[in-house]
Protein chains: 2
Amino acid sequence: MRIALVGCGGVGRAFLKLMGEKGATSREKDLNIQVNYIIDVDGGIYSPEGVDCRKLHEFLERGGRVADYPAGGSYDINLERGLSQGDMDVMVELTPTNKDTGEPGLTHIRKALDRGTHVVTGNKGPILLAYRELNELAARRGVQLGIGCTTGGALPSINAGLIDMAGAEIESIEGILNGSTNFILKEMEERGVEYGEALKRAQELGIAETDPRLDVEGWDTASKLLILTNVLMAGDKTLEDIGVEGITGLTPEDIAAAREEGSRYKLIGRSQVIEGKVVMSVEAEKVGVEHTLYGVEGKNKAVRYTSSTLGDLTVIGGASGTIPAAASIYRDIVNIARGYRFSQ
Amino acid sequence: MRIALVGCGGVGRAFLKLMGEKGATSREKDLNIQVNYIIDVDGGIYSPEGVDCRKLHEFLERGGRVADYPAGGSYDINLERGLSQGDMDVMVELTPTNKDTGEPGLTHIRKALDRGTHVVTGNKGPILLAYRELNELAARRGVQLGIGCTTGGALPSINAGLIDMAGAEIESIEGILNGSTNFILKEMEERGVEYGEALKRAQELGIAETDPRLDVEGWDTASKLLILTNVLMAGDKTLEDIGVEGITGLTPEDIAAAREEGSRYKLIGRSQVIEGKVVMSVEAEKVGVEHTLYGVEGKNKAVRYTSSTLGDLTVIGGASGTIPAAASIYRDIVNIARGYRFSQ
């Protein structure tokens, strides 16, 4: 599999690091996964034999720019020219996300799919705005669109719904899909502090963003829930279909009262089929000790599916950081190389 | 996909029921999954257009035998003849398991793979005895061997390891892989009763077998752990490589003491890479409230994988009974039809 990496931010660089570390002992060596293109805002690198990812990663870590990379055998390239050369099997789209326009990722993904190139992305914008269109385009062109990284990174939430629940009708999705809020709730519970103080600590530790609104007001959870629902329940929902409440209104008293009765507050995204319709919500809910989501702690994430034939399935995991995110991109590539058809 | 069902016991019949219920609204209708052959000890049915599974299931439930099924368009057939007709895409092998010889399943599976037919099975015997041989045969013939049902039924333990951890090296496997022992431990904990009394209750409820030794002495867990380890850690281990202890020695005092410190006993199967070698064990272990396996209750099952790149992944689920087991057979068929290559 010949990869084009488009976008060299945190996850893009972690992907190069991961690819540099994969050696002859990796279980996927038979798949011949190599990076032939690296395309960033300021320039591109091309090597028909595969770029030395370890060297390139070191160069970028030392402050180098893609445009200035001197290694032999490569020359300037852009996405357009790369696509037209016909030696790109998978485009990995990791440019910065824009949830209003989806650009530049949306255009990149459209072009690649249209040319018959598989796409794997961690870029939420295009998927939130145009999943159905892109999925249909992929199906028409007979290629795959891997989006596992957009709904919890290393947590295999889409995989679990598509592959591990294959053949069952999913009746409900409930998930703890945002690590920062889960960490803040844990802080409030363990240390009895106010929301504001817990948030501050999360920010100090780099777990919450400087502008935490997307997380704590529930919109990050809502975005991931929306993608899961549209993929797994064949829906065509938008963010406006979700009743969204965050965790900012919770007091230490609420949390202490829940603890008294053996429960914990968790920010839960939920999609449920009620009388044939999908009903969606995001809100802080009390979860008892016997619920499989009770033990999902700290920065962890989880999702639970129910069905009548395969019963319930809960997956818990989703290590945070750029390496696990890159590993989830790599996972989609491996599964595509092994023949799996995500797009239906 | 044209299916041959071989073996019409509990899971086989549940599979017919499930297939009978799948209709035009199922998400897999594009895969055209139909049952063309049913082969039981006393006879066989063949229909090139697909057997009416609903009718056949009703006939069998009323006490009918496969050999006596009168519905039109079908005629007597056996596996040999079926395989030679070349219109069988997947053989579903569900004859009774024999852990000493693997027969008759082992011969059925060998023949089908050798003829270039995919195989999906819930029959542990052949997989325990000959997984590596069968997997290599499947790879040589370019067909798939789906064995998800053999390691926890509806719990997608193999899927999670192969597909959800794709591209990561699995460093450890730990699992609660046996529902009956998990139920017995819960009974002892909640009601403070002796092991013998908890076992009796599990037997009354049909959760434990009349001869419970395979379960309570840890050998069922060991069998499943062995299959997972050989598939996911590319091992060639046998049951003799596992140190196995069951739950029969646990006293109400042990369990109360664990409870005092906020822990629970769980029967854990574990495979761990230590200094480059895989070390395997099955034993009752104390698990604290923050461990993701703590909340795995009653008849549920779970497995947890660790890796350096994708972090930890825990999957909890695995509804018991013949319908979930049949649904896990169907899941493997759907994933094969969607192109996934289990055999590497």
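The values are calculated or read from the model by the stated rules, or taken from the named source; none is laboratory data. It should be emphasised that the depicted structure is a prediction, and the values quoted were computed from it without experimental measurement. Ideal geometry is used to build each Cβ from the backbone, glycine not excepted, and the neighbour counts take in all protein chains shown. Surface areas here come from the heavy atoms of the whole protein model, side chains and all, with no ligands, DNA or RNA. Shrake-Rupley method; radii C 1.70, N 1.55, O 1.52, S 1.80 Å.
Working only within the stretch B:36-85, note down all residues that are hydrophobic (A, V, I, L, M, F, W, C) and either modelled with pLDDT under 90 or not in a strand (DSSP E or B) (or both). Passing the criteria: B:V41, B:V51, B:C53, B:L56, B:F59, B:L60, B:V66, B:A67, B:A71, B:I77, B:L79, B:L83.
Taken together, the residues in the stretch A:290-308 that are more than 9 Å from every other protein chain (Cβ to nearest Cβ), part of a strand (DSSP E or B) and either surrounded by fewer than 24 Cβ atoms within 10 Å (Cβ to Cβ) or of a type in the set (A, V, I, L, M) (or both) amount to 2. Residues that are modelled with pLDDT under 90 and either hydrophobic (A, V, I, L, M, F, W, C) or open to solvent by 50 Å² or more (accessible area, probe 1.4 Å) (or both) within the stretch A:309-320 comprise A:A319, A:S320, listed in sequence order. Within the stretch B:2-25, at least one residue is in a strand (DSSP E or B), under 30 Å from B:T238 (Cα atoms), open to solvent by less than 60 Å² (accessible area, probe 1.4 Å) and more than 14 Å from chain A (Cβ to nearest Cβ).
Number of residues in the stretch B:233-284 that are out of contact with any Ser or Thr (no Cβ under 9 Å at 6 or more places or on another chain) and within 14 Å of another protein chain (Cβ to nearest Cβ) equals 6. For the subset of the stretch B:89-105 comprising residues that are β-branched (V, I, T) and closer than 13 Å to B:L79 by Cα, which member is most open to solvent (accessible area, probe 1.4 Å)? Here the residue is B:T95. Quick check on A:A326: is it out of contact with any Pro (no Cβ under 9 Å at 6 or more places or on another chain) and open to solvent by 20 Å² or more (accessible area, probe 1.4 Å)? Taking the combined requirement at face value, the residue does not satisfy it.
For the stretch B:22-49, the set of residues classified as within 17 Å of B:G7 (Cα to Cα) and not hydroxyl-bearing (S, T, Y) consists of B:Q34, B:V35, B:N36, B:I38, B:I39, B:D40, B:V41, B:D42, B:G43, B:G44, B:I45, listed by residue number. Are there any pairs with C-beta distances below 6 angstrom linking a residue in the stretch B:210-224 that is under 16 Å from B:V279 (Cα atoms) to a residue that is among the hydroxyl-bearing types (S, T, Y) and buried (at least 17 other Cβ atoms within 10 Å of the Cβ), with the two at least 6 apart or on different chains, and if so which? Correct list of pairs: B:K224/B:T151. Among the residues of the stretch B:226-260, the ones that are in contact (Cβ under 8 Å) with a residue 24 or more places away in the chain, open to solvent by 60 Å² or more (accessible area, probe 1.4 Å) and under 13 Å from B:K286 (Cα atoms) come to 1 in all.
Of the residues making up the stretch B:32-51, none is touching a residue at least 60 places away in the same chain (Cβ under 8 Å), closer than 28 Å to B:S223 by Cβ and surrounded by 19 or more Cβ atoms within 10 Å (Cβ to Cβ).
State whether one or more residues within the stretch B:328-343 are assigned to a helix (DSSP H, G or I), more than 13 Å from the chain's Cα centre (by Cα), facing chain A (nearest Cβ under 7 Å) and not β-branched (V, I, T). Checked against the condition, which is being assigned to a helix (DSSP H, G or I), more than 13 Å from the chain's Cα centre (by Cα), facing chain A (nearest Cβ under 7 Å) and not β-branched (V, I, T), the stretch B:328-343 yields at least one hit.
Selection of first residues in the stretch B:304-319 that are free of Cβ contacts under 8 Å to residues at least 60 places away in the same chain and under 18 Å from A:I329 (Cα atoms) and of second residues that are among the charged types (D, E, K, R) and open to solvent by 10 Å² or more (accessible area, probe 1.4 Å), restricted to Cβ pairs under 7 Å at least 6 apart or on distinct chains, gives the following pairs, ordered by first then second residue: B:D312/B:R304. The single residue among A:V315, A:V287 that is under 24 Å from B:K299 (Cα atoms), more than 7 Å from chain B (Cβ to nearest Cβ) and either in a loop (DSSP other than H, G, I, E, B) or touching a Ser or Thr at 6+ places or on another chain (Cβ under 9 Å) (or both) turns out to be A:V287. Taking the stretch B:207-233 as the range and being among the polar types (S, T, N, Q) and more than 15 Å from B:E171 (Cα to Cα) as the test, the residues that pass are B:T210, B:T221, B:S223.
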